[in-house]
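The values are calculated or read from the model by the stated rules, or taken from the named source; none is laboratory data. Worth saying up front: this structure is predicted, and the values here are computed from it rather than measured. Cβ sites come from the backbone with ideal geometry, for glycine too, and all protein chains shown count toward neighbours.
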Amino acid sequence: MAYEFIEVRTEAGKVGVITLNRPKQLNALSNGLMDELGQALKAFDADEAIGCMILTGSEKAFAAGADIGAMASYTFADVYKGDYITRNWETIRSIRKPVIAAVSGFALGGGCELAMMCDFIIAADNAKFGQPEIKLGIIPGAGGTQRLPRAVGKAKAMDMALTGRMMDATEAERAGLVSRVVPFAKLMEETLGAALQICEYSQVAVLAAKESVNRSFESGLADGVMFERRMFHALFATEDQKEGMDAFVNKRKAQFKHR
Ligand code: CAA
C-alpha cells in the first residue's frame with residue numbers, strides 16, 4: 001500500500017515501524033495523515049507476523065500538532081458535523097498490539113497527544129513536549145487535558161495547558177511522561193530493542209498486559225484489580241503459560257507459540 005504522508009516498514013519481520021512524513025510542516029497532523037496512520041496501524045494489528053509497532057517522526061519533530069493551516073478556517077459546524085479528531089485520531093485506541101512512540105524533537109499539541117495515545121514513549125534527549133493550544137485560542141482536543149494529568153499530575157499538566165510552555169526530555173522522564181531518554185543517535189536502536197523484546201513473549205500475555213494496564217485508567221481500583229485477576233487466571237489456559245513456566249523450571253529459553 002502506497003502512502004503519501006507516512007512511511008511504513010517492518011523490522012526483523014516482526015516490528016511494524018510507521019514514520020510520520022510531512023517534514024516541511026514538522027509532521028503537522030492533517031486529516032490525510034491521520035487517515036493513513038489509522039490504516040497502517042490496523043494493517044499491522046491484523047498481521048499475524050507483527051508483534052509490536054513503533055510510531056516515530058523526524059529528528060526535528062515527532063509532530064508539531066494538528067494542522068493549524070487546515071484548522072484555521074474551520075467553523076463549529078465543520079468540526080462538530082465532521083466529528084473532527086474523533087473520526088480518525090482515535091483509531092489508535094482500538095489497536096490491541098503494543099505501540100511504542102519513539103519521540104525526537106517537537107511533540108506539541110496533537111503531537112504530544114498522539115504520543116500519549118501510544119502505550120509508552122521512549123524519548124531522544126532533544127525531545128520537547130507541550131500543549132501550546134492556548135496560544136491559538138483553543139485547548140487541547142485529542143485528550144491532552146485528560147492523559148497529561150494522568151501521566152504527570154495536575155500541577156505540571158495545568159502549567160503546560162495554561163502557559164503553553166514546553167517540557168524537555170529530562171523533565172518529561174522525571175515527571176513520568178516518558179519511560180526512557182536516550183541520545184538521539186540511539187533512539188531507534190533502543191526502541192527497536194524494546195519492541196523486539198516484547199515480540200519474544202507470548203502475544204496472548206502481551207495483549208492481556210496492555211489491556212489490563214489500560215483498564216487502570218478506566219476503572220476504580222477494586223474493578224481494575226478484579227479485571228487483572230481474571231486475565232491472570234485466564235492465562236493459565238494458554239499453552240504459553242505451560243511453556244514459559246516449564247522453560248523456567250528446566251532452565252531453558254521459552255519458545256512461545258502465541259496460543
Ligand atoms: N500545523 C501546520 N504547520 C505547522 C505546524 C502545525 N501545527 N507546526 C509547524 N508548522 C509549519 C510552519 O508553519 C512552517 O511552515 P512554513 O515553512 O511553510 O512557514 C514549518 O512547519 C516549520 O515551522 P517553523 O518555521 O515555525 O519552525 P520553528 O523551528 O521556528 O518552530 C515550532 C517550531 C515551535 C514547533 C513551531 O512551528 C510551532 O510553534 N508550531 C505550532 C505548534 C502548535 O501550536 N501545535 C498545536 C497545534 S493545535 C492542536 O494540535 C490541536 C489539538 O489538540 C488536536
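Just one of (1) buried (at least 20 other Cβ atoms within 10 Å of the Cβ); (2) within 28 Å of C52 (Cβ to Cβ); (3) more than 16 Å from the ligand (Cβ to nearest atom) fails for A169. It is (3). Scanning the range 50-57 turns up one or more residues that are within 13 Å of the chain's Cα centre (by Cα), within 14 Å of the ligand (Cβ to nearest atom) and within 26 Å of N214 (Cα to Cα). When S58, S73, S30 are checked against the criterion of being out of contact with any helix residue (DSSP H, G or I) (no Cβ under 8 Å at 6 or more places or on another chain) and of a type outside the set (D, E, K, R), S73 stands alone in meeting it. Of all residue pairs spaced 6 or more apart or on separate chains, those with beta-carbon atoms under 9 Å, a first member in the range 202-228 that is closer than 22 Å to M116 by Cα and of a type in the set (K, R) and a second member that is in a helix (DSSP H, G or I) and at pLDDT 95 or above are R215/D223; R215/G224; R215/F227; R215/E228; R215/M231.
Looking only at the range 172-183, which residues are free of Cβ contacts under 8 Å to residues at least 60 places away in the same chain and either surrounded by 13 or more Cβ atoms within 10 Å (Cβ to Cβ) or under 20 Å from C118 (Cβ atoms) (or both)? Explain how you work it out, then say what you get.
We begin by selecting, within the range 172-183, every residue free of Cβ contacts under 8 Å to residues at least 60 places away in the same chain; these are 172-176, 179-181, 183.
Within the range 172-183, A172, E173, R174, A175, G176, S179, R180, V181 meet the criteria.
Selection of first residues in the range 136-164 that are without any contact (Cβ under 8 Å) to a residue 40 or more places away in the chain and of second residues that are in a loop (DSSP other than H, G, I, E, B) and within 14 Å of the ligand (Cβ to nearest atom), restricted to Cβ pairs under 6 Å at least 6 apart or on distinct chains, gives the following pairs, ordered by first then second residue: P140/Q131; G144/Q131; M160/Q131; A161/Q131.
Evaluate the range 117-132: report whether one residue or more is over 9 Å from the mean Cα position of the chain (by Cα), more than 18 Å from V178 (Cβ to Cβ) and among the charged types (D, E, K, R). Scanning the range 117-132, I find no residue that is over 9 Å from the mean Cα position of the chain (by Cα), more than 18 Å from V178 (Cβ to Cβ) and among the charged types (D, E, K, R), so the answer is no.
Filtered by the rule that a residue be assigned to a strand (DSSP E or B) and surrounded by 17 or more Cβ atoms within 10 Å (Cβ to Cβ), the range 1-10 gives I6, V8.
Taking the range 12-38, which residues are among the polar types (S, T, N, Q) and either surrounded by fewer than 16 Cβ atoms within 10 Å (Cβ to Cβ) or part of a loop (DSSP other than H, G, I, E, B) (or both)? Give the derivation first.
At the first step, the residues of the range 12-38 found to be among the polar types (S, T, N, Q) are 19, 21, 25, 27, 30-31.
Within the range 12-38, N21, N27, S30 qualify.
State yes or no: is A70 touching a residue at least 12 places away in the same chain (Cβ under 8 Å), buried (at least 23 other Cβ atoms within 10 Å of the Cβ) and within 13 Å of the ligand (Cβ to nearest atom)? The answer is no for A70. Quick one: which of S202, S179 is at pLDDT 95 or above, touching a helix residue (DSSP H, G or I) at 6+ places or on another chain (Cβ under 7 Å) and more than 16 Å from the ligand (Cβ to nearest atom)? Step by step, each of S202, S179 is checked, and only S202 is at pLDDT 95 or above, touching a helix residue (DSSP H, G or I) at 6+ places or on another chain (Cβ under 7 Å) and more than 16 Å from the ligand (Cβ to nearest atom). Among the criteria (1) more than 15 Å from the chain's Cα centre (by Cα); (2) aliphatic (A, V, I, L, M); (3) within 16 Å of E113 (Cβ to Cβ); (4) more than 14 Å from the ligand (Cβ to nearest atom), the one A43 does not fulfil is (3). Counting the residues of the range 73-112 that are closer than 30 Å to E48 by Cβ and away from the ligand (no atom under 15 Å from the Cβ) gives 9.
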